[in-house]
Amino acid sequence: MASEPGRAPSPTVDIAATGPQRIRLTLAGDLGTGALRELEERFADRRLAEAVEWDVDMSGVGHLDLACAYALLRAATERPANAALTVHGARHDVRRTLRHTGFEAVAEIGG
(Lines give C-alpha, C1' and ligand atoms only; values in the text may rest on other atoms or scores of the structure.)
Protein backbone atom coordinates (compact mmCIF):
# COMPACT_ATOMS: atom_id res chain seq x y z
CA MET A 1 0.00 0.00 0.00
CA ALA A 2 1.39 3.41 -0.97
CA SER A 3 1.58 6.03 1.72
CA GLU A 4 -0.16 9.37 1.35
CA PRO A 5 1.96 12.40 0.42
CA GLY A 6 3.38 14.06 3.53
CA ARG A 7 2.81 11.00 5.71
CA ALA A 8 5.58 8.77 7.00
CA PRO A 9 5.61 5.23 5.63
CA SER A 10 3.68 2.70 7.69
CA PRO A 11 5.93 0.59 9.88
CA THR A 12 6.65 -2.95 8.77
CA VAL A 13 8.31 -5.84 10.55
CA ASP A 14 9.37 -8.96 8.70
CA ILE A 15 10.82 -11.98 10.48
CA ALA A 16 12.36 -14.68 8.32
CA ALA A 17 14.45 -17.72 9.14
CA THR A 18 17.68 -17.71 7.13
CA GLY A 19 19.08 -20.94 8.52
CA PRO A 20 18.99 -23.13 11.60
CA GLN A 21 18.46 -20.76 14.54
CA ARG A 22 19.24 -17.74 12.32
CA ILE A 23 16.76 -14.91 11.89
CA ARG A 24 16.63 -11.91 9.60
CA LEU A 25 14.56 -9.14 11.17
CA THR A 26 13.71 -6.38 8.70
CA LEU A 27 12.27 -3.16 10.09
CA ALA A 28 11.02 -0.30 7.91
CA GLY A 29 8.97 2.87 8.07
CA ASP A 30 8.38 5.35 10.87
CA LEU A 31 8.80 3.45 14.15
CA GLY A 32 7.16 5.87 16.53
CA THR A 33 4.90 5.35 19.53
CA GLY A 34 1.97 4.58 17.22
CA ALA A 35 3.80 1.44 16.11
CA LEU A 36 4.83 0.33 19.60
CA ARG A 37 2.06 -2.18 20.27
CA GLU A 38 2.54 -3.86 16.90
CA LEU A 39 6.30 -4.01 17.41
CA GLU A 40 5.95 -5.54 20.86
CA GLU A 41 3.56 -8.17 19.47
CA ARG A 42 5.91 -9.00 16.60
CA PHE A 43 8.96 -9.06 18.90
CA ALA A 44 7.19 -11.72 21.01
CA ASP A 45 7.55 -14.16 18.09
CA ARG A 46 9.10 -17.33 19.53
CA ARG A 47 11.51 -17.57 16.57
CA LEU A 48 13.29 -14.48 17.90
CA ALA A 49 13.64 -15.93 21.39
CA GLU A 50 15.02 -19.20 20.01
CA ALA A 51 17.44 -17.81 17.44
CA VAL A 52 21.14 -17.71 18.24
CA GLU A 53 21.88 -15.24 15.46
CA TRP A 54 19.90 -12.12 14.55
CA ASP A 55 20.56 -10.08 11.44
CA VAL A 56 18.60 -6.84 11.84
CA ASP A 57 18.13 -4.77 8.68
CA MET A 58 17.12 -1.21 9.53
CA SER A 59 17.88 0.36 6.14
CA GLY A 60 14.21 1.16 5.61
CA VAL A 61 13.66 2.83 8.99
CA GLY A 62 13.00 6.54 8.60
CA HIS A 63 12.52 7.29 12.30
CA LEU A 64 12.99 5.30 15.52
CA ASP A 65 11.75 6.75 18.78
CA LEU A 66 13.04 5.72 22.20
CA ALA A 67 9.98 3.63 23.12
CA CYS A 68 10.41 1.46 20.03
CA ALA A 69 14.17 1.23 20.54
CA TYR A 70 13.56 0.00 24.09
CA ALA A 71 11.05 -2.56 22.77
CA LEU A 72 13.76 -3.89 20.46
CA LEU A 73 16.23 -3.90 23.35
CA ARG A 74 13.79 -5.90 25.53
CA ALA A 75 13.35 -8.46 22.75
CA ALA A 76 17.11 -8.67 22.26
CA THR A 77 17.76 -9.33 25.94
CA GLU A 78 15.27 -12.23 25.94
CA ARG A 79 17.29 -14.20 23.39
CA PRO A 80 19.90 -16.80 24.42
CA ALA A 81 22.89 -15.20 26.18
CA ASN A 82 25.38 -16.41 23.58
CA ALA A 83 23.33 -15.18 20.62
CA ALA A 84 24.89 -12.78 18.13
CA LEU A 85 22.95 -9.70 17.07
CA THR A 86 24.03 -7.44 14.23
CA VAL A 87 22.23 -4.27 13.15
CA HIS A 88 23.00 -2.89 9.73
CA GLY A 89 21.71 -0.27 7.34
CA ALA A 90 20.55 2.08 10.09
CA ARG A 91 20.70 5.82 9.42
CA HIS A 92 22.82 7.98 11.71
CA ASP A 93 19.88 9.24 13.80
CA VAL A 94 18.53 5.68 14.19
CA ARG A 95 21.96 4.44 15.35
CA ARG A 96 22.12 7.35 17.82
CA THR A 97 18.72 6.38 19.26
CA LEU A 98 19.86 2.77 19.63
CA ARG A 99 23.00 3.93 21.43
CA HIS A 100 20.93 6.08 23.79
CA THR A 101 19.16 2.91 24.95
CA GLY A 102 22.43 1.08 25.55
CA PHE A 103 21.70 -1.25 22.64
CA GLU A 104 25.39 -1.56 21.74
CA ALA A 105 25.82 -3.67 24.92
CA VAL A 106 23.86 -6.50 23.27
CA ALA A 107 24.50 -5.89 19.56
CA GLU A 108 27.02 -4.84 17.00
CA ILE A 109 25.68 -1.70 15.33
CA GLY A 110 26.89 -0.97 11.83
CA GLY A 111 25.99 1.73 9.34
- Query: What is the distance, in nm, between label points placed 7 Å from the Cα along the Cα-to-Cβ direction at Ala81 and at Arg46?
  - Reply: 2.4
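Ignoring ligands, DNA and RNA, what percent of the 1.4 Å accessible area of segment 26-111 is carbon and sulfur?
Result for segment 26-111: 49 percent of the exposed heavy-atom area is carbon or sulfur.
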- Item | Radius 15 Å from Cβ of Arg47, net charge of other residues (Lys, Arg +1; Asp, Glu -1) | -2
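Net charge near Val87: determine it from the other residues with C-beta under 10 Å of the C-beta of Val87, scoring Lys and Arg +1 and Asp and Glu -1. Numbers along the way, then the final one.
Details: positive: Arg95; negative: Asp55, Asp57, Glu104, Glu108.
After counting each charged neighbour, the total is -3.
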- Query: Tell me, what HN-Hα J-couplings in whole Hz come from the Karplus equation 6.51 cos²θ - 1.76 cosθ + 1.60 at θ = phi - 60° for each residue of segment 74-91, using x for Gly and Pro?
  - Reply: 4, 4, 5, 7, 8, 7, x, 4, 8, 5, 9, 10, 10, 9, 9, x, 6, 5
- Residue-by-residue Karplus 3J(HN,Hα) for segment 49-59, coefficients 6.51, -1.76, 1.60, Hz, glycine and proline x: 5, 8, 6, 9, 9, 10, 10, 9, 9, 10, 5
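On average over all directions, what projected area in square nanometres does the chain have, based on the convex hull of its Cα atoms?
On the way: hull surface 26.5 nm².
That works out to 6.6 nm², a quarter of the Cα hull's surface.
The values are calculated or read from the model by the stated rules, or taken from the named source; none is laboratory data. What you are looking at is a predicted structure, and each value in this text was computed from that prediction instead of being measured. FYI the Cβ positions are ideal-geometry reconstructions off the backbone, even for glycines, and counts take in every protein chain you see. The accessibility values were calculated without ligands, DNA or RNA, using every heavy atom of the protein model including side chains. Shrake-Rupley method; radii C 1.70, N 1.55, O 1.52, S 1.80 Å.
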